[in-house]
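For reference, the structure is listed below as structure tokens.
The values are calculated or read from the model by the stated rules, or taken from the named source; none is laboratory data. Keep in mind it's a predicted model, so treat the numbers as computed, not measured. Because the Cβ atoms are built from the backbone with ideal geometry, glycine has one as well, and the counts that use them run over all protein chains shown. Heavy atoms of the whole protein, side chains included, go into the accessibility calculation; ligands, DNA and RNA do not. Shrake-Rupley method; radii C 1.70, N 1.55, O 1.52, S 1.80 Å.
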Amino acid sequence: MAKIPRNLTDKAMFADYKEVETFETMFSTEEEPQAKPKVKGKDKEDLSMAFLTKELQEKIGKALLELKLELYKEGIVEYDIKVVREGKKILLNAVPLKKKKK
């Protein structure tokens, strides 16, 4: 009796296997079912990012980085960003997290 090889992939195990043609498989024109391509980009755009252009995302990112560095210089490491809308303005406020007392 031959040894059974270990740690083979599924493709390697069935490399020499030839399926017998039956009624179910004789009309099949595809060799293997094709995997659906993953949708990326504008087709699957997130609604929360729909109104932000690349330039605007970059500006907001730079401003948040500057805020993070400024808070770090003040010794504030743990904080939360609160979003507030006041009329036609949207404000992002950095609120330090309260430390739990033991």
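Here are a few things to note about the model shown:
- Scanning segment 72-99 for residues that are exposed (fewer than 10 other Cβ atoms within 10 Å of the Cβ) and of a type in the set (G, A, S) returns G75, G87.
- Taken across segment 59-71, residues that are in a loop (DSSP other than H, G, I, E, B), open to solvent by less than 100 Å² (accessible area, probe 1.4 Å) and either modelled with pLDDT under 80 or not basic (K, R) (or both) do not occur at all.
- Matching residues, segment 1-46, being assigned to a helix (DSSP H, G or I) and either among the aliphatic types (A, V, I, L, M) or at pLDDT below 80 (or both): A12, M13, G41, K42, D43, K44
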